[in-house]
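Novice: The structure under discussion is supplied below as structure tokens; questions concerning it will follow.
The values are calculated or read from the model by the stated rules, or taken from the named source; none is laboratory data. Not measured: the values here are computed from a predicted model. Cβ: placed from backbone, ideal geometry, glycine included. Neighbour counts: every protein chain shown. When the accessible area is computed, the model is the full protein with side chains, heavy atoms only, and any ligands, DNA or RNA have been set aside. Shrake-Rupley method; radii C 1.70, N 1.55, O 1.52, S 1.80 Å.
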Amino acid sequence: LRLEGLAREVVSRVQRMRKETGLAVSDRIRLQIWGASEIESAVSEYKEWIAGEVLARHVTVGRDGVVDEHEAHEVEIDGLHARVALTRDE
């Protein structure tokens, strides 16, 4: 249940970030999340569900150089820190 709760909070944060960055509701995105291992585990376990909820064509867990550090936003979820990067998918 803890991982499911973290996954739901990730969706909430990503939806807020979409709005803040001016993305349209229908825009497809690329999503990358890295940081606390528990958040990475939650995203890995619920990856398909998260992708559907936030309209992500690609969800990457971990810091594999997909985006520059400056493109990521620091988030805190239940005291755990993570970085979230989202970009519009063409």
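Novice: State whether the residues of region 12-25 include one that is of a type in the set (Val, Ile, Thr) and touching a strand residue (DSSP E or B) at 6+ places or on another chain (Cβ under 6 Å).
Specialist: No, region 12-25 contains no residue that is of a type in the set (Val, Ile, Thr) and touching a strand residue (DSSP E or B) at 6+ places or on another chain (Cβ under 6 Å).
Novice: Right, next: If I ask for residues that are within 10 Å of the chain's Cα centre (by Cα) and either buried (at least 17 other Cβ atoms within 10 Å of the Cβ) or under 18 Å from residue 71 (Cα atoms) (or both), which ones from region 12-28 would you list?
Specialist: Hits for region 12-28 are 13, 14, 15, 17.
Novice: Which one of the conditions (1) open to solvent by 60 Å² or more (accessible area, probe 1.4 Å); (2) in contact with a strand residue (DSSP E or B) (Cβ under 9 Å, 6 or more places away or on another chain); (3) among the charged types (D, E, K, R) does residue 8 fail to meet, given that it meets all the rest?
Specialist: (2)
Novice: Please go through region 41-58 and give me each residue that is among the polar types (S, T, N, Q) and in contact with a Leu (Cβ under 7 Å, 6 or more places away or on another chain), ordered by number.
Specialist: Answer for region 41-58, where residues must be among the polar types (S, T, N, Q) and in contact with a Leu (Cβ under 7 Å, 6 or more places away or on another chain): just 41.
Novice: Follow-up question, since we're still on this one. Being among the acidic types (Asp, Glu) and surrounded by fewer than 17 Cβ atoms within 10 Å (Cβ to Cβ) is the filter here, so list the residues in region 35-49 that pass it.
Specialist: 38, 45, 48
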